[in-house]
Every structure is written in structure tokens, then in C-alpha cells.
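Scroll down for the structure; my scribbles are underneath it.
The values are calculated or read from the model by the stated rules, or taken from the named source; none is laboratory data. Please read these numbers as outputs of a predicted model, since none were measured by experiment. Note that we place each Cβ from the backbone using ideal geometry, even for glycine, and neighbour counts take in every protein chain shown.
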Amino acid sequence: MHDLLVIFVAILSYFVWIQCIYYWQNSAKLRKHLLRFMLCRDKQLKSSQTSDLTGDVRALFLTAHPDDECMFFAPAILRLVELNASVHLLCLSQGNYYNQGFQRREELLDSCAVLGIPASRVTIHDC
């Protein structure tokens, strides 16, 4: 039963991601923000052209384990937080392999706080 749930969540996540990509490709507003996000390199350009990127842009990072957010997604998370996007994190494991689930959960919340994601936007679902 547990394996079926994991497979179901993976398939559902895949289809949601495909829908998001389809929406993003057809959204001129998001393309404009994404282009600004990718092209802004110097501070003056950042402040003048990306200042209107506010809470209307939301991002969800889906990770398999605690610590994946800082190992793989830290630059993207930091940039989105810098642009005032609403960044959320969904972690599919507490990392309790060596009975360190509580410690790894706390480390995940601390890491997210450093990256600029408040604890209220972090969800840990142990599959």
C-alpha cells in the first residue's frame, strides 16, 4: 500500500509539473518575469527591472529528502526570495533512516530560514 501511495504521488507530481510548464509557456507575464530573472546580473539592473516582481509569483520546491533544498536548489531559492516571490517547500521524507528524523526536520527548518523560507511555508510529508 505504501508503494502504491508513493507511485501515485510521483505520477500526480509529474502531471502537475507538466501542467505548470504548459501554463508557464503560455503566460506572457511569467515569461517576462522569467526573462528578467535570468538576465539580471548586475545590481542596478536588478533594482530597476525586477522591483515589480512581487507576491504574485509563487514557487514550490519539491524535495525527496531534508538537505536537498540547500544542496540543489539554494541559488534558485535565494534569487526568488530576493525577488519577493512566495517560495514554498514540500519535502517528502523526514530523513529518519538512522532514527535522526527529528534532528533532520529541525535542520531542514533552520536551513529554510537561512534561505528565506519561513517555517509556515515548509511542509514535511513522510511517505
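Quick one: in region 38-66, of everything that is modelled with pLDDT of 90 or more and more than 10 Å from the chain's Cα centre (by Cα), which residue is surrounded by the fewest Cβ atoms within 10 Å (Cβ to Cβ)?
Top of the filtered list is A64.
Kindly provide the set of residues from region 73-106 that are under 18 Å from T123 (Cα atoms), in contact with a strand residue (DSSP E or B) (Cβ under 8 Å, 6 or more places away or on another chain) and of a type in the set (A, V, I, L, M, F, W, C), ordered by number.
Within region 73-106, F73, I77, V81, A85, V87, L89, L90, C91, L92 qualify.
Taking into account only those residues within region 1-19 that are within 13 Å of L92 (Cα to Cα) and among the β-branched types (V, I, T), which is modelled with the highest pLDDT?
I7
Are any of the residues in region 96-114 surrounded by 17 or more Cβ atoms within 10 Å (Cβ to Cβ), at pLDDT 90 or above and β-branched (V, I, T)?
no
Condition test on V87, is it at pLDDT 90 or above and closer than 21 Å to W17 by Cα?
Working: at pLDDT 90 or above: yes; closer than 21 Å to W17 by Cα: yes.
When the stated conditions are applied, V87 passes them.
Residues that are over 19 Å from Y14 (Cα atoms) and in contact (Cβ under 8 Å) with a residue 24 or more places away in the chain, at least 2 per element: which strands (runs of 3 or more DSSP E) completely within region 53-127 meet that?
Working: elements: 58-63, 86-91, 122-124.
Because the criterion is at least 2 residues that are over 19 Å from Y14 (Cα atoms) and in contact (Cβ under 8 Å) with a residue 24 or more places away in the chain, the strands (runs of 3 or more DSSP E) in region 53-127 that meet it are 86-91.
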